[in-house]
1. Assigning unit charges at the beta carbon (Lys, Arg +1; Asp, Glu -1) and nothing else, what dipole magnitude in debye, to the nearest 20, does the chain show about its Cα centre?
2. So how tilted is helix 58-74 from the main axis of the chain? Cα-based, degrees 0 to 90, rounded to 10.
3. Spin-label point model (7 Å from Cα, Cβ direction): what's the E123 to N23 distance in nm?
4. Could you order K49, K396, K214, K386 by accessible surface area, starting with the largest, using a probe radius of 1.4 Å?
5. Between rounded, prolate and oblate, where does the chain land on the alpha carbon gyration tensor, with a ≥ b ≥ c its root eigenvalues, rounded for a/c under 1.5, else prolate if a/b exceeds b/c?
6. Under a 1.4 Å probe, what is the accessible area of region 215-397 per residue, stated in Å²?
7. When only C-alpha pairs under 8 Å and at least 6 residues apart count, what is the relative contact order of the chain, in percent?
8. So what's region 215-397 giving for Rg/Rh, alpha carbon basis, Kirkwood Rh from the mean inverse pair distance?
Amino acid sequence: MLFLYNIIITLANFLLKIIALFNPKMKLFVAGRKTVFDTLSQKIKASDKTIWFHAASLGEYEQGLPVIEKIKEKFPSHKIVLTFFSPSGYEVRKNNTVADATVYLPMDTKRNAQKFLKLVHPEMAFFIKYEYWPNYLNELKKENTPTYLISGIFRENQMFFKWYGQFYRNALNSFSYFFVQNEASKKLLAQLGKTNVVVSGDTRFDRVATILEKDNTLDFISEFKNDTLTIVIGSSWPKDENLLVDYINSTTQNVKFIIAPHNIKTEQIQQLKNSITKKTVLFSEKEGENLADFDVFIINTIGILTKIYSYADIAYVGGGFGNPGVHNILEPATFGVPIVIGPNFSHFAEAIDLVHLEGCTSISNEEELNAIFKTLISDKNTRTKKGIICKNFVNKNKGATEQILNKITTKKTNN
């Protein structure tokens with residue numbers, strides 16, 4: 001089966017190079033991998049002690065960041081190597097300060113895995129949430145490298161739990177420990193005979209909790225808000241915006257809107273702006289403007305949404321009308337903000353829990369959106385109550401990073 005898998009990976013690698021000729025994102029995917037081994041050769045010496053973290057994309061990076069930071073504190077003499085699979089993670093965080101070397105993960109061929117591990121020679125390896133690359137995992141096991149899955153989550157529909165999934169089940173044998181988010185994941189792994197499992201929770205709670213310790217001030221947002229009730233719309237997609245723009249254009253309430261779309265391509269941003277009838281300003285056009293005079297502020301840049309949530313009285317988090325579903329609701333939750341999302345959130349445990357607790361409201365259509373916005377805008381008590389539920393939810397679920405560090409450092413000390 002491994003032989004067949006390697007053939008498939010080789011063919012996929014060839015096809016991706018062809019697709020890259022016509023697809024800008026795939027071009028980054030392919031081009032970024034050409035210099036990986038040269039970069040590692042320059043930044044990692046044979047005498048260096050290293051620890052490797054792998055994140056599929058941006059969300060997994062944010063999820064693993066608390067562990068990366070703590071590992072860096074615990075092992076200051078080690079270099080941190082961080083890999084990404086997706087351009088949407090690497091291109092945004094390639095200049096991070098937590099890792100000593102940040103690169104794309106070369107495609108999962110046996111040769112690439114062997115060459116990568118020879119250059120990096122990690123003392124420990126961490127995979128964040130998912131991505132189980134058989135060749136890398138097999139080579140790690142051959143080298144007896146302690147390998148950990150952090151914030152892992154397993155579902156019955158994954159290949160590990162199918163009759164034909166033996167090949168991928170074998171890959172799981174490489175993990176020293178599975179740090180999973182919930183009991184359901186532990187039970188599923190138990191079906192495979194895995195007892196090296198710890199229910200540590202989701203490290204994203206630790207990540208968002210630390211946001212409160214930082215300076216989240218943005219003077220231009222404060223100027224725009226001007227002590228007016230403000231709805232922050234984060235990571236919105238066109239399907240979200242179709243409903244929201246109708247509401248923005250029709251509402252007579254004294255309320256302001258900040259929109260931070262998921263996609264900030266110029267054409268789509270301009271189309272969004274043109275669809276809004278109220279006075280609207282773009283982030284890129286804010287200089288020299290009296291921002292307090294505007295009703296809608298469109299953020300056509302990246303990297304500041306988290307800080308913007310600190311100014312929200314109500315948050316709408318986008319993605320819930322698409323697949324796989326809603327984006328990160330924990331960032332507004334940590335600020336104690338009531339949240340509204342679309343109907344697709346079944347893949348996200350935190351969204352399921354917060355909807356059940358009623359800190360977060362799921363809507364499916366324009367009528368439901370109008371109703372919840374009307375309630376949250378006009379009823380301060382309801383707004384406050386839902387916000388407290390969200391904040392308490394984050395605080396209650398902190399601690400995953402500490403559990404992981406305690407287990408890993410104890411094991412390393414014993415060894």
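1. Around 1860 debye, computed over the chain.
2. For helix 58-74, the angle is close to 60 degrees.
3. 4.0
4. Working: K49 85, K396 170, K214 105, K386 35 Å².
Greatest to least solvent exposure: K396, K214, K49, K386.
5. Details: a/c = 1.90, a/b = 1.65, b/c = 1.15.
Prolate.
6. Values: 8420 Å² over 183 residues.
Counting only protein heavy atoms, the per-residue value for region 215-397 is 46 Å².
7. Details: 715 pairs, mean separation 50.5, N = 415.
Relative contact order here is 12 percent.
8. Working: Rg = 15.1 Å, Rh = 16.2 Å.
Using Cα coordinates only, the ratio equals 0.93.
The values are calculated or read from the model by the stated rules, or taken from the named source; none is laboratory data. These numbers come from a predicted model, not from an experiment. Backbone-built Cβ (ideal geometry, glycine too); neighbour counts: all protein chains shown. Protein only, heavy atoms only, side chains kept; ligands, DNA and RNA dropped before computing areas. Shrake-Rupley method; radii C 1.70, N 1.55, O 1.52, S 1.80 Å.
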